[in-house]
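> Provided herewith is a single structure, encoded as structure tokens, for subsequent inquiry.
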Amino acid sequence: MTSYKAINLNKHHVTGPITPDFFQAVQLEKPVVKEGELLVKQDHMSLDPAMFGWMNADTGSYIPPVELGTVMRSFGIGEVIESNHPDFNQGDRVTGMMGWQELYLSNGEGLDKVDAPLPDADVLSLFALPGLTATQGLFNVGQPKAGETLVVTGAAGSVGSIVGQLAKADGLNVIGIVGSDEKADWIVNELGFDGAINYKSDDLDAQLATLAPKGIDLFFENTGGPIQHHIYNRMNEHGRIIVCGLIADYEAGEPQAAPSWSNIIKKRLRVEGFVMTDHFQNAPALLEKFAPYVVQGKIKHRSHVLEGLESAMTGLNLFTTGENKGKLIVRL
């Protein structure tokens, strides 16, 4: 390989679907690996809802936006093909923020070796961002207790499905909010959730009342949307709301109005937003907490794999249409 393909961000996203003209595919020369550097051939890369924010021009977000004319940001896994770095050898499997490109030149910062004997797609689906995010959000932010009721939105997604299974394994009553009857069937009959609601169906409040007759103690929010108000209004005293994502707002020009703060006072609720970039330094401890659930067979998953680097250009729209089934991944 004397050259490789990369995809740059061509314009910022404000509202509406993602179209190929947001990006520009470029052919680049294979870089020279200098002392202290290594070159990775990326095999799979992750598509995540956070990318909608990274494509925005908002400089006040938790992470700077991707600069126009530079490689689109993403997390991926690959193999070291050349190394002049003392800590990495040719043949090592590594993960990190490598971007939408076939090759990634690095000084080693931000790369982690992968020792788990799992396929690349499984590593990205479990032990990369989804598992880390679910573990940090549920346990460290939510602080669940056995017997409590958890509602998680985006429950068939990569993070939500893990959150629900972790909570169920620890003795909580778990209700998942999804966007189709197929996903509702999957999280109940395959993942073991106690109940599911298709947010596109009718009588959402009545369905919540039936599934959570004693109210809701934890709300793990991934999506936003109208059902957010129904869940919020059924929170119990001293409930905790973990805000991880608001995908329903990502295509909207104006964010939806939030629920009234009155319940926060009356119910003494705790509402906390978090992003995984604040907690990467704790990744080893989070994986140590998460791994036993996987080893014991308590975590199931499915991956939705797209083929070819260019498929990422429109693949992000699967998040907003709800057509993705499991962790969304691009195989290069």
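> Please report how far the C-alpha centroid of the range 51-115 lies from that of the range 176-216, rounded to the nearest whole angstrom.
Here the answer is 37 Å between Cα centres.
> Could you work out the local net charge near residue 66, counting Lys and Arg as +1, Asp and Glu as -1, over the other residues with Cβ closer than 12 Å to its Cβ? Don't jump to the answer; show the numbers that get you there.
Working: positive: 11, 73; negative: 58, 67.
Around residue 66, the charge tally is 0.
> Which value, in debye to the nearest 20, gives the size of the charge dipole of the chain about its Cα centre, when Lys and Arg are +1 and Asp and Glu are -1 at the Cβ? Kindly include the intermediate steps, with their values, before the conclusion.
Values: 26 positive and 40 negative charges, 160 e Å.
Result for the chain is approximately 760 debye, rounded to the nearest 20.
> Okay, moving on. Would the range 179-237 count as rounded, prolate or oblate if I go by the C-alpha gyration tensor, calling it rounded below 1.5 in a/c and otherwise prolate when a/b exceeds b/c, oblate otherwise? All intermediate terms of the calculation are to be shown ahead of the outcome.
On the way: a/c = 1.65, a/b = 1.38, b/c = 1.20.
Note, shape of the range 179-237 comes out prolate.
> Residue 214 to residue 140: extension gain in nm, 0.36 nm per residue of separation minus the Cα-Cα distance?
Values: separation 74, 0.36 × 74 = 26.64 nm, distance 2.40 nm.
The span from residue 214 to residue 140 would gain 24.2 nm if fully extended.
> Treat each spin label as a single point 7 Å out from the Cα along the C-beta direction, and report the residue 1 to residue 89 distance in nm.
Result for the modelled spin labels: 2.2 nm.
> Mind listing the phi-derived Karplus ³J(HN,Hα) values for the range 272-287, rounded to whole Hz, using 6.51, -1.76 and 1.60 with θ = phi - 60°, and x for any glycine or proline?
9, x, 8, 10, 5, 4, 6, 10, 4, 5, 9, 4, x, 5, 5, 5
> Could you tell me how far the Cα centroid of the range 125-141 sits from the Cα centroid of the range 293-332, in Å?
What the calculation gives is 16 Å, centre to centre.
> Tell me, what ³J(HN,Hα) does each residue in the range 51-65 have, in order and in whole Hz, if you take phi through Karplus 6.51 cos²θ - 1.76 cosθ + 1.60 with θ = phi - 60° and put x for Gly and Pro?
Calculated HN-Hα couplings, in order: 4, 4, x, 5, 7, 7, 7, 5, 8, x, 7, 6, 9, x, x Hz.
> On average, how much accessible surface per residue is there in the range 94-152, in Å², for a 1.4 Å probe, leaving out ligands, DNA and RNA?
On the way: 2060 Å² over 59 residues.
Per-residue value: 35 Å².
> Also, I was wondering about something else. When the scattering of the range 175-332 is computed by the Debye formula from its Cα atoms alone, each counted once and equally, what is log10 I(q)/I(0) at q = 0.16 Å⁻¹?
-1.20
> Rounded to the nearest 0.05, what FRET efficiency is calculated for residue 189 and residue 35 with R0 set to 41 Å and r the Cβ-Cβ distance?
Values: r = 55 Å, r/R0 = 1.34.
The formula returns an efficiency of 0.15 here.
> Of the listed values (i) 25.8, 90; (ii) 20.3, 64; (iii) 22.6, 87, grab the one calculated as Rg and Dmax of the Cα atoms in Å from the structure here.
Matching the structure shown: (ii).
> Have a look at the DSSP beta bridges in the chain and tell me what percent are antiparallel, nearest 5. Before the final figure, lay out each step's value.
Details: 30 of 56 bridges.
Around 55 percent antiparallel, to the nearest 5.
> Related question: Residue by residue, what Karplus-based ³J(HN,Hα) values in Hz, rounded to whole numbers, does the range 96-111 have, using 6.51, -1.76 and 1.60 with θ = phi - 60° and x for Gly and Pro?
x, 7, 9, x, 7, 7, 6, 10, 9, 8, 9, 8, x, 5, x, 9
> Also, I was wondering about something else. So how far apart, in nm, are the two label points at residue 278 and residue 181 if each is 7 Å from Cα heading toward Cβ?
4.1
> On to the next question. If each residue of separation counts as 0.36 nm, what is the full-extension length gain between residue 112 and residue 21 once their alpha-carbon separation is subtracted? Could you put the intermediate results ahead of the total?
Numbers: separation 91, 0.36 × 91 = 32.76 nm, distance 3.28 nm.
Computed gain between residue 112 and residue 21 is 29.5 nm.
> Could you work out the relative contact order of the range 141-279? I mean the mean sequence separation of Cα pairs under 8 Å and 6+ apart, divided by the number of residues, in percent. Don't skip to the end; give the middle numbers.
Values: 260 pairs, mean separation 29.2, N = 139.
This gives 21 percent for the range 141-279.
The values are calculated or read from the model by the stated rules, or taken from the named source; none is laboratory data. A quick note: this is a predicted structure, and the numbers were derived from the prediction, not measured. Positions of Cβ are backbone-derived with ideal geometry, glycine not excepted, and every protein chain shown enters the neighbour counts. When the accessible area is computed, the model is the full protein with side chains, heavy atoms only, and any ligands, DNA or RNA have been set aside. Shrake-Rupley method; radii C 1.70, N 1.55, O 1.52, S 1.80 Å.
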